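Working notes, structure below.
Nothing in this text is a laboratory measurement; each read-out follows from the coordinates by a stated rule. What you see is a predicted model, and the numbers here were worked out from it, not measured in a lab. Note that we place each Cβ from the backbone using ideal geometry, even for glycine, and neighbour counts take in every protein chain shown.
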Amino acid sequence: MRENTVAIYGIGKVGGPLAASLIRAGYNVIGVDIDQERIKKINEGTPILPNEPDVDKTFAIAIKNGTAKFTIDGKEASNNSRFKILTVPVFLLDRTPDYSALKLAVSSISAGIKKGDLIVLESSVPPGTTRKHIISTIEKDLKIKVEKDFYVAYSPERIYEGRAVKDIEENYPKIVSGAGEKSLQLVSELYGKVAKSGVIKMSSIEAAEMEKLAEGVYRDVNIALANELALFSEKMKVDFWEVRNAANSQPYCNIHKPGTGVGGNCIPIYPYFLSYAASNVGSQLRLIEVSRKINERMPIVVVSEFIELFITNKKSLKTASILGLAFRGDVDDERLSPTYEIIKRLKSLQVNVKVHDPFVKNSHVDVYLTDDLNAALAGADGVIIATDHSLYKDLNYEKISKMTGNSPIIFDARGILYGKPHIYVLGAMS
């Protein structure tokens with residue numbers, strides 16, 4: 001039983017889908033989380049990830065047939081499993097990595113580890129984390145040796161919210177790396193039963209850690225480029241969207257879309273992980289650091305352009321409606337969403353702000369938030385489209401005007417209504 005059992009530490013947006021995929025692949029799974037309420041919900045059959053197909057249903061069936069259990073006891077989970085996978089987050093605290101959650105999970109694993117066990121880290125981390133905070137810590141505390149007494153691997157998560165199980169099982173090959181040949185062999189066999197696209201074996205743990213960050217930083221830099229080009233296009237009275245569409249007809253060009261910035265718990269953090277690692281070896285990542293500053297400034301730019309439209313058109317702005325709190329379209333994740341900075345800036349100007357989002361139910365700032373589009377738009381002098389939810393694609397000036405009850409200024413910061421008349425679009429000619 002123990003030989004085929006995987007303990008997963010952290011049953012959230014990453015660990016939840018991974019647990020479901022491992023169950024579907026035939027493993028016994030022990031899910032561990034310090035959130036007692038979350039564990040209670042899972043054990044009661046209450047959905048915790050309703051927007052991720054197959055996760056909650058898989059949990060319910062596995063609990064019923066005894067192939068999965070969920071607990072807050074990390075030591076017991078370690079004691080009863082051969083494989084231990086860490087999906088707990090490493091946060092940023094004052095732009096410095098916060099390893100507290102990882103250290104707590106490693107401590108639980110250490111308390112129940114047995115000879116021959118494999119520990120896998122999936123969290124996005126600064127290069128060097130696995131070796132320093134897992135291998136070195138366990139070797140020092142337990143006086144045992146990696147590749148002899150226990151095994152360690154790093155295998156970054158590669159999922160897109162809303163289709164995580166399919167990404168794990170079908171869409172992407174699994175990146176794997178190990179502390180040595182035996183660790184690499186074990187982790188390859190573990191994920192080889194799950195990932196139908198196969199595994200990509202990397203030469204070192206540090207290379208795999210960097211690979212994950214490179215994926216996200218690529219997008220951050222590309223979005224910063226799009227934002228700069230969009231703002232420059234406005235000054236030149238050139239339509240950026242026309243330029244982008246033409247440029248991307250060349251197969252070696254993939255200019256991303258401009259917008260309000262970059263949100264979520266990944267891309268805005270990865271540049272700081274890399275900068276932290278770079279500072280430890282006396283290096284500097286100038287392009288990455290400048291790109292991050294560009295994207296962090298975009299909410300300020302959006303509000304500035306929005307206000308300028310009212311000044312130019314000699315209109316007053318008392319109430320503004322923001323469409324979209326989530327950081328990305330059609331998800332319920334508002335972590336580090338640029339919309340929060342837009343709200344803050346508008347409220348500092350004494351503007352009454354209302355926010356609409358069909359997916360996000362709660363905001364961590366005091367603002368009127370609703371999933372009723374009519375209620376969100378009623379009485380608005382201006383509208384900012386901040387998130388590219390599919391729902392907004394059907395809007396136009398006439399529909400929005402009818403819901404506001406006046407003739408609002410509409411600023412589309414995501415280009416979702418590009419080409420529709422009477423709507424100001426970031427980077428488009430007006």
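Figures for the structure shown
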| item | result |
| --- | --- |
| Length-normalised contact order for the chain - Cα pairs under 8 Å, 6+ apart - percent | 11 percent |
| Largest-first ellipsoid semi-axes for the range 287-328, taking √(5λ) over the Cα gyration tensor eigenvalues, angstrom | 26, 15, 5 |
| Under 11 Å, Cβ to Cβ, from residue 169 - net charge with Lys/Arg +1 and Asp/Glu -1 | +3 |
| DSSP H segments from the chain that extend 27 Å or more along their own axis, Cα-based, with Kyte-Doolittle mean of 0.5 or above | 286-312 |
| 3J(HN,Hα) from dihedral phi, the range 353-369, Karplus parametrisation 6.51/-1.76/1.60, rounded to Hz, x for glycine, proline | 10, 10, 10, 10, 7, x, 10, 7, 9, 9, 10, 8, 10, 6, 8, 6, 10 |
| Volume of the Cα convex hull of the range 236-425, divided per residue and given in Å³ | 144 Å³ |
| Spin-label model distance (nm) - residue 4 vs residue 148, 7 Å beyond Cα toward Cβ | 3.3 nm |
| Cross-link pairs 69/201; 201/293; 115/212; 237/257; 174/393; 103/166 - those with Cα-Cα distance over 27 Å | 69/201; 201/293; 115/212; 174/393; 103/166 |
| Where only alpha carbons of the range 71-158 are counted, the Rg and the Dmax (Å) | 12.5, 38 |
| q = 0.20 Å⁻¹: log10 I(q)/I(0) that the Debye formula gives for the range 1-100, counting C-alpha atoms only | -0.94 |
| Projected area averaged over orientations for the chain, convex hull of C-alpha atoms, nm² | 21.8 nm² |
| Residue order, fewest to most beta carbons within 10 Å, for 32, 106, 243 | 243, 106, 32 |
| Cα centroid separation, the range 142-159 to the range 316-356 (Å) | 43 Å |
| For the range 118-217: relative contact order, % (alpha-carbon pairs under 8 angstrom, 6 or more apart) | 32 percent |
| Burial ordering of 422, 133, fewest other beta-carbon atoms within 10 Å first | 422, 133 |
| Antiparallel %, DSSP beta bridges [both residues in the range 2-203], to 5 | 15 percent |
| Packing-based exposure ordering (other Cβ within 10 Å, fewest first) of 349, 22 | 349, 22 |
| Most mobile of 112, 15, 74 in a GNM of the chain (Cα contacts under 10 Å) | 112 |
| Principal semi-axes in Å for the range 2-203 [√(5λ), Cα gyration tensor, largest first] | 24, 19, 17 |
| Mean-position separation - Cα centroids, the range 215-235 and the range 12-31, in angstrom | 36 Å |
